[in-house]
Protein chains: 2
Amino acid sequence: MRYVDFVNPNYQPGETDVVCTFHVEPRGISLKEAAGGVAAESSIGTWTELTTVKPYVQKLAATVFSLEGDTAKIAYPIELFELGNMPNILSSIQGNVFGLRTLENLRLNDIQFPTQLLKSFKGPKYGVDGIRRLLRVYNRPLIGTIIKPKLGLRTTDHAKVAYDAWVGGCDIVKDDENLSSQNFNPFEKRVMATLESRDRAEEETGEKKIYMVNVTAETNEMLRRSQLVLDHNGEYVMVDILTCGFAALQTLREQDMNLVIHAHRAGHGAFTKDPRHGVSMRVVAKAARTVGVDQLHVGTVVGKMFETREEVQENCDAVTQEMAGLKRVLPVASGGLHPALVPALMEFFGLDFAIQAGGGIHGHRDGTVAGAKAMRQAVDATLVGVSLEEHSKEHHELETAMQMWGQIA
Amino acid sequence: MRYVDFVNPNYQPGETDVVCTFHVEPRGISLKEAAGGVAAESSIGTWTELTTVKPYVQKLAATVFSLEGDTAKIAYPIELFELGNMPNILSSIQGNVFGLRTLENLRLNDIQFPTQLLKSFKGPKYGVDGIRRLLRVYNRPLIGTIIKPKLGLRTTDHAKVAYDAWVGGCDIVKDDENLSSQNFNPFEKRVMATLESRDRAEEETGEKKIYMVNVTAETNEMLRRSQLVLDHNGEYVMVDILTCGFAALQTLREQDMNLVIHAHRAGHGAFTKDPRHGVSMRVVAKAARTVGVDQLHVGTVVGKMFETREEVQENCDAVTQEMAGLKRVLPVASGGLHPALVPALMEFFGLDFAIQAGGGIHGHRDGTVAGAKAMRQAVDATLVGVSLEEHSKEHHELETAMQMWGQIA
């Protein structure tokens with residue numbers, strides 16, 4: 001079969017097919033040949049005709065069934081994949097094809113997994129509803145912070161900043177994505193000290209508080225650290241899913257530990273940012289939900305990250321829309337957020353999301369407690385339809401935050 | 001500290017610093033601020049000043065010490081990282097920075113790990129010399145094939161094609177990157193049948209033959225499959241290091257099994273292809289060597305993959321040049337290769353590399369045995385300085401291959 005033989009506009013995708021949507025820009029060949037090449041190289045074809053193809057192999061060909069403008073839709077028979085093996089699935093659909101010389105650019109924009117494939121994975125253990133039950137917070141966004149400075153604080157200072165954030169009004173305290181177990185703040189010591197801060201904060205505030213511990217490491221060490229979190233009565237772990245990778249993420253999820261999995265996407269921008277080449281974040285989001293994370297960073301609409309509203313919406317849809325009964329993943333907005341941005345965030349995300357602010361809390365002129373209060377005040381005001389300007393008149397911490405950052409979108 | 005405070009042209013990188021070279025294109029801010037932002041966001045800074053920074057934290061700042069044209073060099077104190085934890089290191093240096101709105105483009109072009117960091121990983125167990133001892137082939141490139149069609153062949157046909165390739169003259173038979181354990185060719189059955197083919201081929205040819213089995217899967221399953229390869233007297237496993245991820249790769253290496261690790265890079269093109277954004281392949285290569293793979297795909301110079309000669313050279317240098325005494329990784333050329341390309345390949349790569357040809361062997365009009373013979377003939381001729389045209393006169397298989405593909409670069 002030649003590349004063009006993998007194109008068939010009359011093909012109707014079946015209900016067990018994996019369906020991918022690609023942006024395709026050919027180099028020196030026709031669009032049809034280029035799109036056919038993508039289907040070929042991820043199924044049973046290659047650059048030349050083979051003597052080793054058996055008749056029974058033909059039915060496993062992937063098919064380009066739609067070609068409009070730069071967009072190709074490709075259906076892959078489910079038999080091409082090993083069910084329950086995400087690395088295998090990713091190697092097939094987003095593997096060698098990006099390296100082909102005959103493609104100027106190629107972007108995997110979307111993917112639809114068939115139910116049979118989705119059912120071969122665990123999916124989220126908790127999801128939005130499980131998280132809300134755990135936190136006993138049902139009618140507002142969750143409010144979180146990331147300990148800042150992101151690296152360098154010693155354990156006792158780390159635990160103190162966490163305590164301040166919680167008593168100020170944060171539900172969640174999260175390690176930053178590159179804090180794991182450095183000498184200045186080793187893992188076990190940090191877990192113990194910070195969960196002790198959590199216990200005190202819970203006692204003082206009467207609210208449930210959460211510490212999301214970064215367990216990013218080699219797989220066995222990640223499992224060991226996760227068990228340690230459990231042993232110290234922690235309920236959450238955080239994983240940098242892209243730098244760890246999907247094999248380790250699957251391993252963690254398949255232990256079925258009583259831990260909520262917070263997924264950080266550090267590094268995604270290297271391949272999601274260019275609208276013409278790479279892989280979209282929503283594809284990552286669907287893969288992560290399928291494997292079974294409970295929370296995922298999806299962008300911010302406002303703040304310091306690059307994604308457009310449309311992309312963030314796609315990411316939210318990917319983790320919350322119906323998908324073979326898989327639980328909904330909680331969208332997390334994080335990156336350059338501060339109290340003045342809360343109305344825009346809640347307008348976009350609604351109530352079912354987490355606001356994570358680092359600098360926007362610990363940068364507050366009056367310190368972390370005041371910063372957390374200001375954030376909580378911003379959420380409280382927006383919930384009841386009061387403007388932040390109005391609410392500031394009787395809430396000093398918010399007033400200061402608005403003075404500091406009111407002009408920064 | 002503001003972003004610009006992370007720039008200091010007078011800073012001299014110390015011998016324990018990690019040093020990265022970035023291509024930086026700012027959006028709406030100065031180059032100095034943009035480069036400083038990259039250093040800040042991967043060390044102790046963020047978008048706003050913090051109240052929580054302690055004096056002892058300052059010494060952990062990363063520093064932009066050189067800014068020339070679009071190129072920024074950044075030094076990171078080793079204390080920022082957890083030694084022996086590759087996911088953590090990657091989360092820091094190639095994490096959030098790609099998502100910053102104030103950067104139009106950002107590419108991590110190179111990285112230098114300090115000796116202390118390199119020593120915290122195992123590095124390759126076998127490397128080039130170990131592989132040569134195992135194969136007892138010292139004075140020529142290794143010749144390998146990938147079973148084609150890449151997916152769909154049933155186990156007995158898979159093992160037969162492998163046998164044909166070995167008796168034709170291949171040293172190595174490799175699974176394709178997306179063959180793991182599909183129903184048409186389940187893992188254990190395949191390992192047993194194909195290693196049986198190998199034994200027969202070894203007996204008939206008197207040469208050492210190698211089967212590189214693709215164990216790409218969730219971590220524990222990958223370890224189980226690797227053990228199974230060992231149990232059946234296999235010597236090699238193959239891992240899709242990017243779709244599995246570095247946590248699982250590290251786990252596999254740290255088992256220290258008596259298995260050569262062949263690293264496939266499926267998916268790299270999603271973030272390595274754009275010269276202005278993403279991460280270069282040589283950075284991936286250095287990380288993989290540090291963790292400890294023995295062989296790695298580095299590009300082809302010729303064939304169906306996109307990389308330039310310069311990039312392929314960088315990749316080769318990354319895996320073979322002196323690096324704190326780490327063993328040399330064997331460069332693997334794979335993608336659209338066939339016998340007519342052998343002189344160009346050997347001119348570029350020399351002798352210490354593996355030529356992997358799939359379609360260029362199984363596409364040979366007279367079948368796999370003839371295809372493997374033609375490839376071996378092309379190598380033999382080139383080794384003694386005889387042109388393929390000349391050698392074709394007395395070697396029918398090569399003659400046919402030259403007729404079929406002589407014009408395809």
The residue that is farthest from the other protein chains (Cβ to nearest Cβ), considering only those in the stretch B:359-369 that are within 25 Å of B:Asn139 (Cβ to Cβ) and open to solvent by less than 10 Å² (accessible area, probe 1.4 Å), is B:Ile361
Sole miss for B:Asn109 among (1) closer than 30 Å to B:Gln313 by Cβ; (2) touching a helix residue (DSSP H, G or I) at 6+ places or on another chain (Cβ under 6 Å); (3) not hydroxyl-bearing (Ser, Thr, Tyr) is condition (2)
Being touching a His at 6+ places or on another chain (Cβ under 9 Å) and either aliphatic (A, V, I, L, M) or modelled with pLDDT of 95 or more (or both) narrows B:Ser30, B:Ser91, B:Ser120, B:Ser66 down to just B:Ser91
When every residue in the stretch A:372-409 that is aliphatic (A, V, I, L, M) and assigned to a loop (DSSP other than H, G, I, E, B) is compared, the one least open to solvent (accessible area, probe 1.4 Å) is A:Val386
Counting only residues that are in contact (Cβ under 8 Å) with a residue 40 or more places away in the chain, in a helix (DSSP H, G or I) and not small (Gly, Ala, Ser), the stretch B:116-137 contains a total of 8
Of those in the stretch B:251-283 that are in contact (Cβ under 8 Å) with a residue 40 or more places away in the chain, open to solvent by 10 Å² or more (accessible area, probe 1.4 Å) and in a helix (DSSP H, G or I), the residue farthest from the other protein chains (Cβ to nearest Cβ) is B:Arg282
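Every residue, every condition in (1) touching a residue at least 40 places away in the same chain (Cβ under 8 Å); (2) open to solvent by less than 30 Å² (accessible area, probe 1.4 Å), yes or no:
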residue: B:Thr290; (1), (2): yes, yes
residue: B:Thr308; (1), (2): no, no
residue: B:Val319; (1), (2): no, yes
residue: B:Met323; (1), (2): yes, yes
residue: B:Arg328; (1), (2): yes, no
residue: B:Val332; (1), (2): yes, yes
residue: B:Leu345; (1), (2): yes, yes
residue: B:Asp352; (1), (2): yes, no
Out of (1) within 23 Å of A:Leu242 (Cβ to Cβ); (2) open to solvent by 20 Å² or more (accessible area, probe 1.4 Å); (3) touching a residue at least 24 places away in the same chain (Cβ under 8 Å), the one B:Asp240 does not meet is (2)
Of the listed residues (A:Glu196, A:Glu177, A:Glu204), the one being more than 26 Å from the chain's Cα centre (by Cα) and farther than 18 Å from A:Arg136 by Cβ is A:Glu196
When the stretch A:238-250 is checked residue by residue, the ones that are more than 7 Å from chain B (Cβ to nearest Cβ) and in contact with a strand residue (DSSP E or B) (Cβ under 8 Å, 6 or more places away or on another chain) are A:Met238, A:Val239, A:Ile241, A:Leu249
Could you tell me whether A:Thr71 is buried (at least 17 other Cβ atoms within 10 Å of the Cβ) and either in contact with a His (Cβ under 6 Å, 6 or more places away or on another chain) or modelled with pLDDT of 95 or more (or both)? no
**Q.** Filter pass, A:Asn178 being under 21 Å from B:Glu41 (Cβ atoms) and assigned by TED's automatic domain parsing to the domain that holds A:His297
**A.** yes
Of the residues in the stretch B:129-167, those that are out of contact with any Leu (no Cβ under 9 Å at 6 or more places or on another chain), β-branched (Val, Ile, Thr) and facing chain A (nearest Cβ under 10 Å) number 1
| said: Here is a check on your reading of the model: is A:Ser42 buried (at least 18 other Cβ atoms within 10 Å of the Cβ), within 21 Å of A:Glu104 (Cα to Cα) and among the hydroxyl-bearing types (Ser, Thr, Tyr)? | reply: yes
Note: among B:Gly84, B:Gly99, just one is touching a Gly at 6+ places or on another chain (Cβ under 8 Å) and open to solvent by less than 30 Å² (accessible area, probe 1.4 Å), namely B:Gly99
Hey, any hits in the stretch B:1-10 for a residue that's in contact with a helix residue (DSSP H, G or I) (Cβ under 6 Å, 6 or more places away or on another chain), within 12 Å of chain A (Cβ to nearest Cβ) and either closer than 20 Å to A:Asn185 by Cβ or assigned to a helix (DSSP H, G or I) (or both)? yes
Subset of the stretch B:203-237, residues among the hydrophobic types (A, V, I, L, M, F, W, C) and either open to solvent by 10 Å² or more (accessible area, probe 1.4 Å) or within 11 Å of chain A (Cβ to nearest Cβ) (or both), comes to B:Val215, B:Ala217, B:Met222, B:Leu223, B:Leu228, B:Leu230
- Query: Is it true that some residue in the stretch A:16-26 is assigned by TED's automatic domain parsing to the domain that holds A:Ile74, part of a helix (DSSP H, G or I), surrounded by 22 or more Cβ atoms within 10 Å (Cβ to Cβ) and touching a residue at least 60 places away in the same chain (Cβ under 8 Å)?
  - Reply: no
Only one of (1) buried (at least 20 other Cβ atoms within 10 Å of the Cβ); (2) over 18 Å from the mean Cα position of the chain (by Cα); (3) in a helix (DSSP H, G or I); (4) more than 11 Å from chain B (Cβ to nearest Cβ) does not apply to A:Cys170, and that is (3)
Restricting the stretch B:293-305 to residues that are in contact with a strand residue (DSSP E or B) (Cβ under 7 Å, 6 or more places away or on another chain) and part of a loop (DSSP other than H, G, I, E, B), the one farthest from the other protein chains (Cβ to nearest Cβ) turns out to be B:Asp294
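Does the stretch A:70-115 hold any residues that are outside any helix (DSSP H, G or I), of a type in the set (Val, Ile, Thr) and within 22 Å of A:Met281 (Cβ to Cβ), and which are they? Before the answer, list the steps.
First, the residues of the stretch A:70-115 that are outside any helix (DSSP H, G or I): A:70-77, A:81-85, A:94-95, A:100-114.
Still in the list and also of a type in the set (Val, Ile, Thr): A:71, A:74, A:102, A:111.
Within the stretch A:70-115, A:Thr71, A:Ile74, A:Ile111 meet the criteria.
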Among (1) buried (at least 23 other Cβ atoms within 10 Å of the Cβ); (2) more than 25 Å from A:Gly360 (Cβ to Cβ); (3) in contact with a Phe, Trp or Tyr (Cβ under 9 Å, 6 or more places away or on another chain), A:Ala247 falls short only on (3)
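The values are calculated or read from the model by the stated rules, or taken from the named source; none is laboratory data. For clarity, every value in this text was computed on a predicted model and none was experimentally measured. All Cβ positions, glycine included, derive from the backbone under ideal geometry; neighbour counts span all protein chains shown. Quick note on the areas: whole protein, heavy atoms, side chains included, nothing else; ligands and nucleic acids left out. Shrake-Rupley method; radii C 1.70, N 1.55, O 1.52, S 1.80 Å.
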